[in-house]
Structure formats: C-alpha cells, structure tokens
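The next block holds one structure in the form of structure tokens; read it before the comments.
We did not get these values from a lab; they are worked out from the coordinates using the rules stated. Bear in mind the structure is a predicted one, so any value in this text is a computation, not a measurement. Cβ coordinates were reconstructed from backbone atoms using ideal geometry, including for glycine residues, and neighbour counts include every protein chain displayed.
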C-alpha cells in the first residue's frame, strides 16, 4: 500500500533522510506514491510539509527567507544546501555573500 503525495510546483522529487529512499515524480510539480512507512513522517512534519511537499491534509509551501550562495557558479541554492547542487562547492548563507555588480548580474 502507498500514499500519494503531491509535490510543490518545480519540485521533481525528494530523498528520505532516515534511509535514503528516493522518490521521483514523472514531471516537476507532479506526484509520487510514498510507502506507508514514510507517510507518517511527511504528514507529521511541522507545518505539514516543511520539505515543500503538499500532502492530503492540505497545501503547504515552504519558502526560506534567505538561501545559500555559491560564488563559484553564482547560484542561489535552498537554505539547507551546504554544498552547491550544481558544482558541489561549499555555499555561504545569502546575507554573507558578496554583492553582485549590476553589470555582471545583467549579463
């Protein structure tokens, strides 16, 4: 048996922290069928979906006020990404990043 979990727009999947099980949707913002053993952890999250998931209990999107900046590839990652998902280098909290000159930002 399984439980269907609707993903937030743009989200294409997630990995369970406890055992590393990966769930991947067929398209971003789609849905995944989660094993019964994982469903209580998703529905029991503070705010019911702090991972940016939508559950059967209702729609809850999680946003972060500040992300983590990768200076190497100039990418703003999610606040929990201590390594850049693009290049693998360390990230720094967004407030600590160096300002990007306007001429570079528009390029």
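Descending by average beta-carbon neighbour count within 10 Å, the peptides 37-43, 80-86, 19-25 line up as 37-43, 80-86, 19-25, the highest first. Residue 16 versus residue 72, label points 7 Å from Cα toward the beta carbon: distance in nm? Distance between the two pseudo-spin positions: 3.2 nm.
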